[in-house]
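Visitor: Got a structure for you, written out below as structure tokens; questions coming shortly.
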Amino acid sequence: MKRILGFYFSVFLLLFGACKETPERTEEMNKEIGLYQEPFRPQYHFSPPEKWMNDPNGLLYNQGIYHLFYQYYPDDIVWGPMHWGHATSADMLHWKNKPIALYPDKNGLIFSGSAVLDVNNTSGLGTSENPPIVAVFTYHDMEKEKAGRIDFQTQGVAYSLDNGESFSMYVGNPVLLNTEFRDFRDPKVFWDEKKEQWVMALVAGDHLRLYRSDNLLEWTYMSRFGERLGAHGGVWECPDLFELQVEGTEERKWALLISINPGAPNGGSGTQYFIGDFDGVSFSSDQKEEKWLDWGTDNYAGVTYNNTPDGSRIFIGWMSNWAYARDTPTEVWRSAMTLPRNLSLSKINDSYELLNYPVAAVADLLVEETTLSVTIPPGGMESIGLENGSQSEFKFTTAARDLMFTFKNSKGEQLVLELDGSEKLATLDRSESGVIDFEETFGSIQQMPLDNLPEGLVEIRIFIDASSVEVFINRGQYVMTAQVFPMNSFSDLEIVNSGTTPLKIKDLQVNEVLGVWE
Ligand code: FRU
């Protein structure tokens, strides 16, 4: 990304004023010009009405509203001077597009960050009757970067007194300076109940740094983690740190999410995680191996909601990859978010596994199309006609580990998901899935080792939208998310038994997924 920053600096100077003028477009206007109807436009995932989007930011639930802020460039469909775009929702599925929340200012562009409700008005930016929403984000100062300095990333604060409708910049910005690290960004702030303190997780190139505060405005360094742990193929970005209960036990552990770019298992950007402990000062983990939240190429910079009403941990990721994010074949907008996913922690064969699985509310979008149970002999194939395969969910349970699912359309395009029991491997092949020639690695076959998949029946769930596929194996123990750009909707599903024993598929449900933009 850094390479393009220089280029956009000049564009920024030209356009910075213009950004502020961007008028708010109403939902009615959007409909009139056919927004959300374009080729490849996701029908049940969030995508911005128009222009460029990357990371989700400031995920916060407050007073019945889930806020989704996001890295946004309102003047082009490639990355540019960053703002925070904004959308709100009651269920994280049906979104209302809101005006831009944060604009660049004299301290720099507005990079990724988080938001909290300052319930006790510790910051003094609101009142105890009307506590402020406080957004903490990274300022990226292009002029300083251009001048060759390393202190161009600092942290800033903005606050809202009307539940996110409008924000004011804190006059004392920036609140956390930096003299040591070129990369010093993406603050995730949360309230640490045990120590009664605000904690900020921040990344600095190759490691995580933790800071504490009593008022969200003055921050003190506490500890660092990770220089020699986990994957380091690229710079660390977008940390998140939170506690989860291990399913079926009283044990509680902390999970740390770290996005890295490049260095993901299937190339480019990806999100790894660590399971460990946080004592109010330091995070530690004795995890030996690298672990990935998602093995597909297109789930990056994902973070979780603060303050969910039932305490659940809900994740949203950016469904793209820096390797080709700017080149994907859309014209009005660029890129979408993953489905909102519930994170849970499970101990499987003595290993802590962070599961990510679509939130239960997704069920409200499903309309049953077909349910069938089939037994396919070795080498045999079953074919199922689909009404609108590119807006569908497929769900079944099986004990088999050797099978092939091929989604086909009338253009001869296909998307193939294969499970190989002897190799303990899942592969996703989008090499013939439609438009792939915008970048040379896009057609590469993606692999996901299934080393720790338990024996017996497991659920497999696949969501296909106009330009994405999300595969969840065993309730989100193994996940692959990828973009695909088929020219037509998938109209057939072929299931092949690639094993040596009969393939039993129980209650294969094919469901239409209702669009959320009507
Ligand atoms: C991750 C990232 C962040 C940064 C933002 C800039 O995709 O590079 O580290 O804050 O995007 O848009």
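Visitor: State yes or no: is residue 138 modelled with pLDDT of 95 or more, away from the ligand (no atom under 16 Å from the Cβ), among the β-branched types (Val, Ile, Thr) and within 23 Å of residue 216 (Cβ to Cβ)?
Guide: Taking the combined requirement at face value, the residue does not satisfy it.
Visitor: Considering only residues that are of a type in the set (S, T, N, Q), open to solvent by less than 10 Å² (accessible area, probe 1.4 Å) and touching a Ser or Thr at 6+ places or on another chain (Cβ under 6 Å), which ones fall in the range 484-510?
Guide: The answer is none; no residue qualifies.
Visitor: Right, another one. Might you let me know whether the range 258-270 holds any residue that is within 16 Å of the ligand (Cβ to nearest atom), in a strand (DSSP E or B) and farther than 18 Å from residue 201 by Cβ?
Guide: Among the residues of the range 258-270, at least one is within 16 Å of the ligand (Cβ to nearest atom), in a strand (DSSP E or B) and farther than 18 Å from residue 201 by Cβ, which makes the answer yes.
Visitor: Now, a different point. Restricting to the range 311-330, give me the number of residues that are away from the ligand (no atom under 16 Å from the Cβ) and among the polar types (S, T, N, Q).
Guide: Adding up the residues that qualify gives 2.
Visitor: Tell me, yes or no, whether the range 342-351 has at least one residue that is at positive phi, open to solvent by 20 Å² or more (accessible area, probe 1.4 Å), outside any strand (DSSP E or B) and in the same structural domain as residue 51 (by TED's automatic domain parsing).
Guide: yes
Visitor: Can you go through 311, 317 and tell me which one is small (Gly, Ala, Ser), closer than 22 Å to residue 89 by Cβ and not in a strand (DSSP E or B)?
Guide: 311
Visitor: Look through the range 179-196, keep the residues that are buried (at least 20 other Cβ atoms within 10 Å of the Cβ) and not β-branched (Val, Ile, Thr), and return whichever of them is farthest from residue 115 (Cα to Cα).
Guide: Taking the candidates together, the pick is 184.
Visitor: Under the condition of being farther than 17 Å from residue 162 by Cα and more than 10 Å from the ligand (Cβ to nearest atom), which residue from the range 98-113 is surrounded by the fewest Cβ atoms within 10 Å (Cβ to Cβ)?
Guide: Step by step, filter the range 98-113, then rank; the result is 106.
Visitor: Here's something else I'd like to know. How many residues are in contact with a Lys or Arg (Cβ under 9 Å, 6 or more places away or on another chain) and open to solvent by 10 Å² or more (accessible area, probe 1.4 Å) when one looks only at the range 387-422?
Guide: Counting residues in the range 387-422 that are in contact with a Lys or Arg (Cβ under 9 Å, 6 or more places away or on another chain) and open to solvent by 10 Å² or more (accessible area, probe 1.4 Å) gives 10.
Visitor: Output the qualifying pairs, or none if there are none: Cβ atoms under 9 angstrom, residues six or more apart or on different chains, first residue in the range 152-170 and of a type in the set (Asp, Glu), second residue surrounded by fewer than 19 Cβ atoms within 10 Å (Cβ to Cβ).
Guide: 162/130; 165/98; 165/99
Visitor: Could you check how many residues of the range 444-483 are open to solvent by 20 Å² or more (accessible area, probe 1.4 Å) and of a type in the set (S, T, N, Q)?
Guide: Looking only at that region, the number is 4.
Visitor: Still on this structure: Is at least one residue of the range 170-182 touching a Phe, Trp or Tyr at 6+ places or on another chain (Cβ under 7 Å) and within 14 Å of the ligand (Cβ to nearest atom)?
Guide: yes
Visitor: Now, a different point. Condition test on residue 208, is it within 19 Å of residue 152 (Cα to Cα), within 16 Å of the ligand (Cβ to nearest atom), of a type in the set (A, V, I, L, M) and in contact (Cβ under 8 Å) with a residue 60 or more places away in the chain?
Guide: Yes; evaluated as a whole, the condition is true for this residue.
Visitor: How many residues, within the range 112-161, are among the β-branched types (Val, Ile, Thr) and within 19 Å of residue 308 (Cα to Cα)?
Guide: Of the residues in the range 112-161, 5 are among the β-branched types (Val, Ile, Thr) and within 19 Å of residue 308 (Cα to Cα).
Visitor: Further, regarding this structure: Of (1) under 22 Å from residue 461 (Cα atoms); (2) hydroxyl-bearing (Ser, Thr, Tyr); (3) buried (at least 22 other Cβ atoms within 10 Å of the Cβ), residue 305 satisfies all except one. Which?
Guide: (1)
Visitor: Continuing with the same structure: Only one residue in 95, 52 is within 15 Å of the ligand (Cβ to nearest atom) and open to solvent by less than 30 Å² (accessible area, probe 1.4 Å), so which one is that?
Guide: 52
The values are calculated or read from the model by the stated rules, or taken from the named source; none is laboratory data. Not measured: the values here are computed from a predicted model. Cβ coordinates were reconstructed from backbone atoms using ideal geometry, including for glycine residues, and neighbour counts include every protein chain displayed. Note: areas computed on protein heavy atoms with side chains; ligands, DNA, RNA excluded. Shrake-Rupley method; radii C 1.70, N 1.55, O 1.52, S 1.80 Å.
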